[in-house]
Amino acid sequence: MEITFTKLQGNGNDFILIDEFQKEVIPEEMKAGFAAIYCDRRFGIGADGVLFLQASEAADIRMRLLQPDESEAAMCGNGIRCLAKYAYDAGYVKESCSVETGAGIVPVTMGYAEDEFTATITMPTPRFDRSGIPAVGNGEYKEEIRGFTVYAANTGVPHAVVFVNEIGAVDIATAGPAIRNHPSFPEGANVNFVETAGDGTLRIRTFERGVEDETFSCGTGATASAAVARHLGKAGDAVRVETKGGPLVIRFGEAVTMEGPAETVYSGVIPL
């Protein structure tokens, strides 16, 4: 028996994709363990998560994301772009499609320009109330944690947002877990350290829940950071977010959209 997979990345946020559009490949009870084994960068393939592309009764395709700690994430902006690229290349969808996620149905438009693939995702509407993040207490989130002023929003998954003078000076390995595991976040939170760079640009570094480490990019984190910055008057309706893996563009209008690239890295076979 062999399991075929495809490795994709969106701004350095990398994923193993298992195509289950036609049939189940990894039994349900083994999906979490599969992610833990094969996301390992030394003893596995190496990735920030495993995407399962499935058929959907509510949308064109369905995305599930299992993370290295065996948890399942409801939403992933970079993951959706990678999933959409694979589905587009495979002929499962056309330039516009809908993706079922744990955070709802997400519209996607995509295509190639000079051999470069770009997708625009309609993101979940950001929520700033504590009940919608979720976070303990009432009203909008603002807490002092380990010397940082922390804001929060939910853009499909919970995100903490911390504005700093220089993101390069932040010890993310220490500060990230302290905020991610703070008691005010009953389900934990991804943590984004944000530097405002002028001209509608933010620079961010993200410590991701589930990966339990810094990642090169986080689409929902970029959206949450832009949303909180706009909410506080630090940014406008179009925000360029520079992640370690490259830029994303977040726009606020009738809907919130995120635009960015996705690349197929390679395909392979796992022999069993």
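Can you find even one residue in the range 150-171 that is crowded, with 18+ Cβ neighbours inside 10 Å and on the phi > 0 side of the Ramachandran plot?
Yes: the range 150-171 contains one or more residues that are crowded, with 18+ Cβ neighbours inside 10 Å and on the phi > 0 side of the Ramachandran plot.
Among the residues of the range 18-33 satisfying the criterion of being more than 15 Å from Ala73 (Cα to Cα) and among the hydrophobic types (A, V, I, L, M, F, W, C), which is nearest to the chain's Cα centre (by Cα)?
Checked the range 18-33; the qualifying residue nearest to the chain's Cα centre (by Cα) is Ile18.
Would you pick out the residues in the range 119-139 that are surrounded by fewer than 21 Cβ atoms within 10 Å (Cβ to Cβ) and over 16 Å from Pro107 (Cα atoms)?
Arg127, Phe128, Asp129, Arg130, Ser131, Gly132, Pro134, Val136, Gly137, Asn138, Gly139
Could you list, in sequence order, the residues of the range 64-80 that are in contact with a helix residue (DSSP H, G or I) (Cβ under 7 Å, 6 or more places away or on another chain), within 20 Å of Gly260 (Cα to Cα) and of a type outside the set (A, V, I, L, M)?
Cys76, Gly77, Asn78
How about the range 164-223: which strands (runs of 3 or more DSSP E) wholly inside it have at least 3 residues that are of a type in the set (A, V, I, L, M, F, W, C)?
190-198, 201-208
Among the residues of the range 42-84, write down those that are β-branched (Val, Ile, Thr), more than 13 Å from the chain's Cα centre (by Cα) and part of a strand (DSSP E or B).
Ile61
Tell me the residue from Asp69, Asp48 that is surrounded by fewer than 16 Cβ atoms within 10 Å (Cβ to Cβ), within 21 Å of Ser217 (Cα to Cα) and assigned by TED's automatic domain parsing to the domain that holds Gly102, please.
Result of the check over Asp69, Asp48: Asp69.
Are any residues in the range 217-262 farther than 22 Å from Pro107 by Cβ, surrounded by fewer than 17 Cβ atoms within 10 Å (Cβ to Cβ) and either among the acidic types (Asp, Glu) or free of Cβ contacts under 8 Å to residues at least 12 places away in the same chain (or both), and if so, which ones?
Result: Gly233, single match.
Conditions: (1) out of contact with any strand residue (DSSP E or B) (no Cβ under 8 Å at 6 or more places or on another chain); (2) polar (S, T, N, Q); (3) assigned to a loop (DSSP other than H, G, I, E, B). Thr125 meets all but one. Number of the miss?
Every listed condition holds for Thr125 apart from (1).
Would you pick out the residues in the range 6-18 that are buried (at least 21 other Cβ atoms within 10 Å of the Cβ) and either of a type in the set (Ser, Thr, Tyr) or out of contact with any Ser or Thr (no Cβ under 7 Å at 6 or more places or on another chain) (or both)?
Thr6, Gln9, Asp14, Phe15, Ile16, Ile18
The values are calculated or read from the model by the stated rules, or taken from the named source; none is laboratory data. On a predicted model such as this, the values are computed, not experimentally measured, just so you know. Every residue, glycine as well, gets a Cβ built from its backbone with ideal geometry; the counts of neighbours run over all protein chains shown.
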